[in-house]
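Engineer: One structure, pasted below without further comment.
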Amino acid sequence: MKFVQSSIRSVALILSAMILSSNQSAANKSDLKPVNLRTEYKINPVVDAAKPRLSWELTSAIRGQVQTAYQIMVASSPNLLATDTPDLWNSTKLASNATNQIEYAGKLLPSRTVCYWKVRSWDKYDQAGPWSAIAGWEMGLLNKSDWKAEWIGNDLRALGKGKIYHLPPAPFFRREAQFKATVKRARLYVTSLGLYEFQINGKRVGTDYFTPGWTDYNKRVYYQTYDVTADVKIGKNALGAIVAEGWYAGYLGYALLVGNPVVKNFYGDVPLLKAQLEVEYTNGEKETIATDQTWKTNHGPVLEADLLNGETYNANLEFANWSKVGYADSNWKNSTIYPDKSGRKIEAYPGYPIQVFQELKSKTVTPKSGGKYLFDLGQNFAGNVRLKVKGNKGDTITLKYGEVLFPNGEIMTENLRKARATDTYILKGDKQGETWTPKFTYHGFQYVEVAGFRTVPGLDAITGIVLTSATPETGSFETDNKLINKLYQNIVWTQRSNYVDVPTDCPQRDERLGWTGDAQAYIQSATFNTDISAFFTKWLVDLNDAQRADKSYPIYAPAPNVRKTDTYSPGWSEAGIICPYTIYKTYGDTRVIREFWPNMVAYLRFMEAKSKGEYVYKEASFEDISPKGGFGDWLSVGKKTPPDMLATMYYAYVASMMAEMANAIDKQEESTYYHGIFNKIKQAFLAHYTEETGKFKTNSAAYGDGGGYVDGQMGFDGHTQTAYANAIYMHMLKPDQNQKAGDWLVELIKANNNKLSTGFLGVKPLLPSLSSTGHSDEAYKLLLSTEYPSWGFEVVNGANTIWERWNSYIKGKGFENNAGMNSFNHYAFGAVNEWLFGNAAGLKVGEAGYRTFTIKPEIANEGLNYVNATYRSINGKIESSWKKAGKTVTLKITVPVNTVATVFIPTTNPASVVESAKEVKSNPAIKVKEFKDGYLYVEIGSGTYQFMSQN
Ligand code: BGC
């Protein structure tokens, strides 16, 4: 990826300057200009989609500007683009307002083709704007036969056997290659079963971590492509790689904790490497250096390397200059070739790589008993540290990681459970000092307790290295209320810590699984903070690869089955529908729908069969899974909402999404069918779970003493906050009933001392449902509360991330549940972000991909006077900001080019509404729609607007 980025970018800069000057002389009639060109959601990537999808944003200084046509040119060289003679594709002028998800429709693109592209747009007056700058993409290795490289390994399983853990050393591989002429172009295609770090001539290739990422390695493995033209030279070159067990052969999840018969090696026993360096000389000749048995292998300083358990490095065993030319490897042995698994696909990595987000300086270092030192990095996060130390040969530094401290100041590690999360460095005694960062592990932590320093360490002895999947930032959210601002920052940090190749539950303890329930509850929230398109493009493959034989979606994906009884669960499995739906709505992506349609249909059939044709799950319908009924409203407070009731609502909810998605891919009949299913479920649900008054009920006797159910001993009740919140959110009720449900919700909150009681499934819809039934004030009260349970309670108790439990830590009291489950970095309760953007700032998507959207800010009566939210949609930056001063409300709204927003201006007096001090009625850029329920509706096209209204 990097490669195209650097090479094409520099070309593009020169060319765009040329094009700009030629355009200026041609005098463009329009200022409409395409920017931020992307291919398959990424800037200048390597892809293996036969028809990569192109997208751009548009800029223009003119209000209400739209694109009426576009022209794309794709060429195999920038020169051909500059002369407007593209050899791969010329779309010619196409009448269309589409600016994204546009499939390449030119010549067939063989493996390795480098494509350069540009685009121009015509505006609302049918005037052409200037050409964009040039962007590019490159085709990967499209056929298995493009691969000359073998899987090679070095079986070290006999080593590293400890009492609890079996952690063999990481093998090193190397070979040298002679290049007989000047190299014009060099590409490294590399992957591993396990994790790899590749080096050329002593230098690390790329900046990505934990490559090639986690997949179901029985079905597919991804490879990375690097432009290494600048790293190789005529004459001798050295190639090297270190390979660790990673997700492929290392420890996963809580397998060890629960006594699963398998605790590691879920996909294979020996980590393997597969790499080929392809060079093209200036004379056009080509050469490929590929992994085979001639690669020399040995094991050395990396004594242990495990994602959950940590890394051990003995610097005395280093192979100095091992990846440079001339290293004497005569005592290294030959590699072993391993056969490929038939049916295993090898594909270009579709996601964003894991990279360093930021470095964190230690805030404090405190001496502890036993000569230890405690470093505080000031923020809970996922990643590693860089250790800087001076000492004697053989000195051993041990690093232990914790998220929080006990009230007495000691580091808390009980919540890591069986994740050892310990790194060890053995010094070689370099007089200049030594620095070290682990390569194949990461931890979830804020504090590091370090043992083994010979002298008092300075703050720079430990630096935090924040790792995350590099999803580009899209959002910001700011208010004049410190508590809310902190809450938002905590949400962002928690997403950053858990979007690590797969959407994990938590980064610290022995889990880090792609829990589907957490993923579905949080995905909409995530879209506002960063661009998750490519991240989910990747994980949706994992999720569908993990679809079970009975067609249910699993509780986590990838699904190595870390506990024998792990199967599926209502509220979790529906991620298989909810996540693709959200990607469709957010980015206008219909490819994900088409790709997984058969899987989704099969899942809906599974659910239908499970309802025995009744379209409702009556009490105790899911006694066959563990826990009974599934996880339900996990970690809620008080009586449990019956899991079967929630399962029925989820069934209806995903049926309605199926109807909408079917429509999006022109399957009208199926759309009608799923609408029908949705209505049937609704009816059956209401018939079974409501009293005559419309109040929810349940037959709790059906659950017996609750044994086998999550918190079953608390008893079950249909009349709960979670039940009404979900019913409203999922459109389960008739209009009059809906309003009543909102009122009950408020009543239940009041009866609960004005506190929420929701868990994982209730928290997301809670505030949105209050808002949609006219109880915005109640929503704000819950948001601003600092009493247990609430978001604010976490903040006032010192949180800088979102906690798994509402009371993970209480100042002065400490912890409960540590050894069981007490993560301090769990995003599910962060799903309130959906309300912050969607209601407080009022931004909701209309037509898929934010082609249209609404902005309906909810002005707080108390607690805050100002909200500013920005969101960079696939069409460009949207801004929604409001300020309240006395009776005046000011809205600042930005609408991207080529989109239309309906803005709901809060006012008691529609005549008082002005835009930039002028009345709105006579403004041609503003279509005044109607005045209703305290809002004046207006429709606006692109531009920035400042509305003022009296209340
Ligand atoms: C995980 C969750 C997950 C849950 C299932 C936990 O151990 O951390 O976030 O969804 O199990 O209920």
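Engineer: Looking at Asn384, Asn380, Asn392, which is the one that is touching an Asp or Glu at 6+ places or on another chain (Cβ under 6 Å) and in contact (Cβ under 8 Å) with a residue 60 or more places away in the chain?
Structural biologist: Asn380
Engineer: Out of curiosity, is Lys296 touching an Asp or Glu at 6+ places or on another chain (Cβ under 7 Å) and either away from the ligand (no atom under 16 Å from the Cβ) or touching a residue at least 12 places away in the same chain (Cβ under 8 Å) (or both)?
Structural biologist: When the stated conditions are applied, Lys296 passes them.
Engineer: Would you call Thr312 crowded, with 23+ Cβ neighbours inside 10 Å and polar (S, T, N, Q)?
Structural biologist: yes
Engineer: Within segment 494-514, work out how many residues are at positive phi, open to solvent by less than 10 Å² (accessible area, probe 1.4 Å) and within 11 Å of the ligand (Cβ to nearest atom).
Structural biologist: 0
Engineer: Failed condition for Gly849, given (1) out of contact with any helix residue (DSSP H, G or I) (no Cβ under 9 Å at 6 or more places or on another chain); (2) surrounded by 24 or more Cβ atoms within 10 Å (Cβ to Cβ), with all others met?
Structural biologist: Condition (1) is where Gly849 drops out.
Engineer: Okay, moving on. If you go through segment 522-544 one residue at a time, do you hit one that is at pLDDT 95 or above, polar (S, T, N, Q), closer than 18 Å to Tyr568 by Cα and within 13 Å of the chain's Cα centre (by Cα)?
Structural biologist: So far as segment 522-544 goes, no, none of its residues is at pLDDT 95 or above, polar (S, T, N, Q), closer than 18 Å to Tyr568 by Cα and within 13 Å of the chain's Cα centre (by Cα).
Engineer: Residue by residue through segment 742-766, note down the ones that are part of a loop (DSSP other than H, G, I, E, B) and under 21 Å from Gly629 (Cα atoms).
Structural biologist: Ser757, Thr758, Gly759, Phe760, Leu761, Gly762
Engineer: Okay, moving on. Could you pull out the residue among Ile465, Ile397, Ile426 that is aliphatic (A, V, I, L, M), free of Cβ contacts under 8 Å to residues at least 60 places away in the same chain and more than 22 Å from Asn822 (Cβ to Cβ)?
Structural biologist: From the options Ile465, Ile397, Ile426, the qualifying one is Ile397.
Engineer: Moving to a separate point now. Can you give me the number of residues within segment 625-646 that are away from the ligand (no atom under 14 Å from the Cβ) and either among the small types (Gly, Ala, Ser) or surrounded by 24 or more Cβ atoms within 10 Å (Cβ to Cβ) (or both)?
Structural biologist: Selection size over segment 625-646: 5.
Engineer: Then there is this: Which of the following residues is open to solvent by 30 Å² or more (accessible area, probe 1.4 Å) and β-branched (Val, Ile, Thr): Thr113, Thr85?
Structural biologist: It is Thr85.
Engineer: Identify all residues within segment 553-588 that are over 28 Å from Gly708 (Cα atoms) and either assigned to a loop (DSSP other than H, G, I, E, B) or within 12 Å of the ligand (Cβ to nearest atom) (or both); write none if there are none.
Structural biologist: Gly588
Engineer: Next question. Need the failing condition index for Ala549 against (1) among the hydrophobic types (A, V, I, L, M, F, W, C); (2) within 16 Å of the ligand (Cβ to nearest atom); (3) surrounded by fewer than 24 Cβ atoms within 10 Å (Cβ to Cβ), just the number.
Structural biologist: Only one criterion is unmet by Ala549, namely (2).
Engineer: For segment 88-105, what are the residues that are open to solvent by less than 50 Å² (accessible area, probe 1.4 Å) and under 23 Å from Tyr587 (Cβ atoms)?
Structural biologist: Trp89, Ser91, Ser96, Ala98, Thr99, Asn100, Gln101, Ile102, Tyr104
Engineer: For the list (1) open to solvent by less than 30 Å² (accessible area, probe 1.4 Å); (2) assigned by TED's automatic domain parsing to the domain that holds Gly300; (3) part of a loop (DSSP other than H, G, I, E, B); (4) not hydroxyl-bearing (Ser, Thr, Tyr), I need the number of the one condition that Arg157 fails.
Structural biologist: The single condition Arg157 does not satisfy is (1).
Engineer: Tell me which residues, restricted to segment 359-399, are open to solvent by less than 70 Å² (accessible area, probe 1.4 Å), out of contact with any Phe, Trp or Tyr (no Cβ under 9 Å at 6 or more places or on another chain) and either under 30 Å from Leu193 (Cα atoms) or assigned to a strand (DSSP E or B) (or both).
Structural biologist: Gly378 - this is the single residue of segment 359-399 that is open to solvent by less than 70 Å² (accessible area, probe 1.4 Å), out of contact with any Phe, Trp or Tyr (no Cβ under 9 Å at 6 or more places or on another chain) and either under 30 Å from Leu193 (Cα atoms) or assigned to a strand (DSSP E or B) (or both).
Engineer: Would you be able to say whether some residue in segment 735-755 is under 30 Å from the mean Cα position of the chain (by Cα), in contact (Cβ under 8 Å) with a residue 40 or more places away in the chain and either within 16 Å of the ligand (Cβ to nearest atom) or open to solvent by less than 10 Å² (accessible area, probe 1.4 Å) (or both)?
Structural biologist: no
Engineer: Residues that are open to solvent by 10 Å² or more (accessible area, probe 1.4 Å) and among the β-branched types (Val, Ile, Thr), at least 1 per element: which strands (runs of 3 or more DSSP E) completely within segment 220-296 meet that?
Structural biologist: 286-290
Engineer: Let me ask another. Would you pick out the residues in segment 117-154 that are part of a strand (DSSP E or B), crowded, with 20+ Cβ neighbours inside 10 Å and among the small types (Gly, Ala, Ser)?
Structural biologist: If the condition is that a residue be part of a strand (DSSP E or B), crowded, with 20+ Cβ neighbours inside 10 Å and among the small types (Gly, Ala, Ser), then Ser121, Ala135, Gly136, Gly153 are the ones that fit.
Engineer: Filter segment 806-833 for residues that are of a type outside the set (Phe, Trp, Tyr), open to solvent by less than 10 Å² (accessible area, probe 1.4 Å) and within 13 Å of the ligand (Cβ to nearest atom) and give the result.
Structural biologist: If the condition is that a residue be of a type outside the set (Phe, Trp, Tyr), open to solvent by less than 10 Å² (accessible area, probe 1.4 Å) and within 13 Å of the ligand (Cβ to nearest atom), then Ser808, Asn822, Ser823, Asn825, His826, Ala828, Gly830, Ala831 are the ones that fit.
Engineer: Regarding Val183, is this residue touching a Gly at 6+ places or on another chain (Cβ under 7 Å) and either open to solvent by 10 Å² or more (accessible area, probe 1.4 Å) or at pLDDT below 95 (or both)?
Structural biologist: The answer is no for Val183.
Engineer: Would you check which residues across segment 773-811 are farther than 16 Å from Asn822 by Cα, out of contact with any helix residue (DSSP H, G or I) (no Cβ under 6 Å at 6 or more places or on another chain) and polar (S, T, N, Q) and list them?
Structural biologist: Scanning segment 773-811 gives Ser776, Ser790.
The values are calculated or read from the model by the stated rules, or taken from the named source; none is laboratory data. The structure presented is a predicted model; accordingly, all values stated were derived computationally and were not measured. Cβ coordinates were reconstructed from backbone atoms using ideal geometry, including for glycine residues, and neighbour counts include every protein chain displayed. Calculation scope for accessible area: heavy atoms of the full protein, side chains included, ligands and nucleic acids excluded. Shrake-Rupley method; radii C 1.70, N 1.55, O 1.52, S 1.80 Å.
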